[in-house]
Amino acid sequence: MEQTPMTARGEEILRTELERLKTQERPRITAAIAEARSHGDLSENAEYDAAKEDQGICEARIKDIEAKLASANIIDVTKLKPTDGSPLKVIFGCTVTVLNVDNDDEITYKIVGEEEADISKNLISYKTPIAKGLLGKKVEDEVNINIPKGVVTYEILEIQYI
């Protein structure tokens, strides 16, 4: 089974969603199905069909989350800081500040798992072109990254294992 890297925060997000689905959504959907059944003929009962569809979506998400948690490799970047004085490298879970050398924009990203990625909060998945281009690099490295809009050149200003 292939392991999926995940931060401790990502694991917490998934466990919270799983708990909500099992304790709130499942019972709500079960009640909706029971209510729809009480209306009689199920062959033309739109409420029943909608509730059954909701049930399928909910159960699929539960299985998806359980599979992701079962294959999760929880990475706590704060425990990975080198103690031998070697320079920090961009790794999964770290926070990296970069400078776009073309327009002098400075941006800070945290490289996270797919489930917790949220570009509006500068949380980028380790599978994105930007994260892939930054992984393994050190402060002051310049890297050219192919993105959908073309090539962007970043200089790494700071790496934090927080």
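The values are calculated or read from the model by the stated rules, or taken from the named source; none is laboratory data. Because the structure is a prediction, the values reported are computed rather than measured. As a convention, Cβ positions derive from the backbone with ideal geometry for all residues, glycine included, and neighbour counts pool all protein chains shown. Areas reflect the complete protein model, heavy atoms only, side chains present, ligands, DNA and RNA absent. Shrake-Rupley method; radii C 1.70, N 1.55, O 1.52, S 1.80 Å.
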1.4 Å probe accessible area per residue over the chain, in Å²
61 Å²
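What share of the DSSP beta bridges in the chain is antiparallel, in percent to the nearest 5?
Looking only at bridges with both residues in the chain, the antiparallel portion is about 75 percent.
Treat every Asp and Glu Cβ in region 1-113 as -1 and every Lys and Arg Cβ as +1, leave all other atoms uncharged, and give the resulting dipole magnitude about the Cα centre to the nearest 20 debye.
Here region 1-113 has a charge dipole of around 600 debye.
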In degrees, nearest 10, range 0 to 90: what is the angle between the Cα axis of helix 26-37 and the longest Cα principal axis of the chain?
30 degrees
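Okay, helix-only estimate at 222 nm for the chain: each DSSP H run of n ≥ 4 adds -39500 (n - 2.57), divide by all residues, round to 500 deg cm²/dmol; what do you get?
On the way: 4 runs with 56 residues, N = 162.
Result for the chain: -11000 deg cm²/dmol, rounded to the nearest 500.
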Within the accessible area of region 66-151, what % is carbon and sulfur when the probe is 1.4 Å and the other protein chains stay in place?
49 percent
Using alpha-carbon coordinates, inclination of helix 46-70 to the longest axis of the chain, degrees:
40 degrees
Exceeding the 31 Å Cα-Cα cut-off - candidates Lys22/Lys89; Lys68/Lys137; Lys68/Lys121
Lys22/Lys89
